[in-house]
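Engineer: Handing you a structure now.
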Amino acid sequence: MPEDSILQSYVSLGGGLILARLVAFVGTAYLTRTLGSYAFGIVGFATALSGFLAIGLRNSVDPVGAREVARDPASATSLAAGVAVIRSALVVLAMLMLAVVAVWLDKPDDVRLVVLLSGLTLLPLAIDTRWVYWGLARNRWVGVSMVLAQSIYVVTLLLVVRDPADVIWVLPALALGELVGVTYLAAPLLREFKGRPAVQRAWGIVRSSGFLVASGVLVALTRTADVVLIGL
């Protein structure tokens, strides 16, 4: 796969992000009309909780990992495999943390169930390889994956969410869309993969990303802390 030029990268990422946001807006508008304020608030609360963990998982690899791939493109697939191993373990830990929060919350059963199901949105992060494509300057693939993920999500919403009682299906639908998007990116790398996962090197990337994780979580706190506090 050839590298994209700077202009192609800009257009691909920017265009993909804008189009994905437009598709997501359709889904949000549908949910607000279908779920009502109470059920829609449950989704926002659960998404804010899982979002803190998602930012930590992304920032632990994406910025530094993209730099390492740009420096050594030949090791991209083995490094991606190593990161997938480590991220899988971190995702399981994050899902367990959400499960504990869901049990601990003094909230109605529907709220606790949606919080528990929000952990499914973390699963795609285990094989999220967009950082590899950033490092390889193949950003058209990333743009397509964003649009594909949101499209699958919105279509699933339209099929399964009919009234407020269907609030439990919203975050699984989001997880399904994201899983399709990351699989679209991971599949070509899997076909190219030979050798062994570079787990030790991947762990070095995670360790060197500590300040990025902390800053990302702090930024998320300033943006979504109000949603969490209102939910509590």
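The values are calculated or read from the model by the stated rules, or taken from the named source; none is laboratory data. Every value quoted in this text rests on a predicted model; they were computed, and no experiment measured them. Neighbour counts run over all protein chains shown; Cβ positions are idealised from the backbone, glycine included. Surface accessibility is based on the protein's heavy atoms, side chains included, excluding ligands, DNA and RNA. Shrake-Rupley method; radii C 1.70, N 1.55, O 1.52, S 1.80 Å.
Engineer: Under a 1.4 Å probe, what is the accessible area of the chain per residue, stated in Å²?
Structural biologist: Numbers: 12070 Å² over 232 residues.
Per-residue accessible area for the chain comes out at 52 Å².
Engineer: Can you run phi through the Karplus equation (6.51, -1.76, 1.60; θ = phi - 60°) for region 82-87 and list ³J(HN,Hα) in whole Hz, with x for Gly and Pro?
Structural biologist: Each residue's phi maps through the Karplus curve to give x, 5, 4, 5, 5, 5 Hz.
Engineer: Placing +1 at every Lys and Arg Cβ and -1 at every Asp and Glu Cβ, with all other atoms neutral, what dipole size does the chain have around its Cα centre, in debye to the nearest 20? Can you show the working numbers first?
Structural biologist: On the way: 18 positive and 14 negative charges, 104 e Å.
Around 500 debye, computed over the chain.
Engineer: Protein chains only, probe 1.4 Å: how do 217, 69 rank by accessible area, largest first? Present the calculation step by step, with values, prior to reporting the outcome.
Structural biologist: Numbers: 217 45, 69 0 Å².
From most exposed to least exposed: 217, 69.
Engineer: So how much accessible area does residue 45 have, in Å² to the nearest 10, using a 1.4 Å probe?
Structural biologist: Result for residue 45: roughly 10 Å² accessible.
Engineer: At q = 0.09 Å⁻¹, what is the log10 ratio I(q)/I(0) for the chain, with the Debye formula run over Cα points and no solvent?
Structural biologist: The computed values of log10 I(q)/I(0) come out as -0.39.
Engineer: Keeping every protein chain in place, order 153, 30, 38, 133 by accessible area at 1.4 Å, biggest value first, i.e. largest first.
Structural biologist: Numbers: 153 25, 30 55, 38 130, 133 0 Å².
Output order, biggest surface exposure first: 38, 30, 153, 133.
Engineer: Still on this structure: With a 1.4 Å probe and every protein chain left in place, tell me how much accessible area residue 88 has, in Å² to the nearest 10.
Structural biologist: Solvent-accessible area, nearest 10 Å²: 50 Å².
Engineer: Also, I was wondering about something else. Under 10 Å from the Cβ of residue 87, count the other residues' Cβ atoms, weight Lys and Arg +1, Asp and Glu -1, and hand me the total. Each step should come with its number before you reach the end.
Structural biologist: On the way: positive: 58; negative: 128.
Combined, the nearby Lys, Arg, Asp and Glu give 0.
Engineer: With a cut-off of 8 Å between alpha carbons and a minimum separation of six or more residues, what is the relative contact order of region 17-148 in percent? Don't skip to the answer; put the middle values down first.
Structural biologist: Details: 98 pairs, mean separation 52.4, N = 132.
It comes to 40 percent, rounded to a whole number.
Engineer: Another one. Along region 116-133, what does the Karplus equation 6.51 cos²θ - 1.76 cosθ + 1.60 (θ = phi - 60°) give for ³J(HN,Hα), rounded to whole Hz, x for Gly and Pro?
Structural biologist: Calculated HN-Hα couplings, in order: 4, 5, 4, x, 5, 5, 7, 4, x, 5, 4, 10, 6, 10, 4, 5, 5, 5 Hz.
Engineer: So what is the relative contact order of region 82-232, in percent, for Cα pairs below 8 Å that sit 6 or more residues apart? Intermediate values should be presented prior to the final figure.
Structural biologist: Numbers: 126 pairs, mean separation 44.0, N = 151.
Relative contact order for region 82-232 comes out at 29 percent.
Engineer: Something else about it: May I ask you to give the percent of accessible area on the chain that is carbon plus sulfur, with a probe radius of 1.4 Å? Numbers along the way, then the final one.
Structural biologist: Values: 8480 of 12070 Å².
Using a 1.4 Å probe with all protein chains present, the chain comes out at 70 percent carbon and sulfur.
Engineer: Which ³J(HN,Hα) values, rounded to whole Hz and listed in residue order, are derived for region 54-64 from phi using the Karplus coefficients 6.51, -1.76 and 1.60 in 6.51 cos²θ - 1.76 cosθ + 1.60 with θ = phi - 60°, glycine and proline given as x?
Structural biologist: With coefficients 6.51, -1.76 and 1.60, one gets 5, 5, x, 5, 5, 5, 6, 9, 3, x, 6 Hz.
Engineer: Ignoring trypsin sites (Lys or Arg not before Pro) that are buried or in helix or strand per DSSP, and keeping those with at most 14 other beta carbon atoms within 10 Å, what is the longest stretch of the chain between them? The partial results should precede the final answer.
Structural biologist: Working: sites that count: 162, 194.
Between the exposed loop sites, the longest stretch runs 1-161.
Engineer: Given a 1.4 Å probe and the protein chains all in place, what does the accessible area of residue 25 round to, in Å² to the nearest 10?
Structural biologist: 140 Å²
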